[in-house]
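A.B. asks: Below is a structure I'd like to ask you about.
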Amino acid sequence: MASIVSIRCQVAMVLLLVVALGTQMGEAQNTCPTQLTNLNVCAPFVLPGAPNTGPSAECCAALQGTNRDCLCNTLRIASQLTSQCQLPSFGCGN
């Protein structure tokens, strides 16, 4: 159960980054930022307090179209934000 909470926390962090990057996007290309922006359709399924329903077909398609390295590198970078901002680190698991 703790791993699900941790994954949800990481995905929520990624979605926050996606929203921030999405406002700075120019032409749509199949780049990592574009792939991450496409994951916005998954937000209702991973944000805290969201109903515990399965992901939509659009979310699954967006996730399938996201390069694994793109997603993993984004999660790695997101996990370093607190130290980069000189804030105390925190854990997402219970």
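The values are calculated or read from the model by the stated rules, or taken from the named source; none is laboratory data. Note that this is a predicted model, so its numbers are computed, not measured. Quick reminder, even Gly has a Cβ in these numbers, built from the backbone with ideal geometry, and neighbours come from all protein chains shown.
Listed here are the residues, each with its yes/no results for (1) at pLDDT 85 or above; (2) assigned to a helix (DSSP H, G or I); (3) under 12 Å from the mean Cα position of the chain (by Cα).
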residue: A20; (1), (2), (3): no, yes, yes
residue: Q29; (1), (2), (3): no, no, no
residue: P51; (1), (2), (3): no, no, no
residue: A78; (1), (2), (3): yes, yes, yes
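A.B. asks: From the list V5, V11, which one is modelled with pLDDT of 65 or more, of a type in the set (A, V, I, L, M, F, W, C) and surrounded by 13 or more Cβ atoms within 10 Å (Cβ to Cβ)?
C.D. replies: It is V11.
A.B. asks: Based on what the data block shows, is R76 surrounded by fewer than 14 Cβ atoms within 10 Å (Cβ to Cβ), farther than 12 Å from V14 by Cα and of a type in the set (K, R)?
C.D. replies: no
A.B. asks: Of the numbered conditions (1) modelled with pLDDT under 85; (2) β-branched (V, I, T); (3) in contact with a helix residue (DSSP H, G or I) (Cβ under 9 Å, 6 or more places away or on another chain), V41 satisfies every one except a single condition; which is it?
C.D. replies: Evaluating V41 over (1) modelled with pLDDT under 85; (2) β-branched (V, I, T); (3) in contact with a helix residue (DSSP H, G or I) (Cβ under 9 Å, 6 or more places away or on another chain) leaves (1) as the failure.
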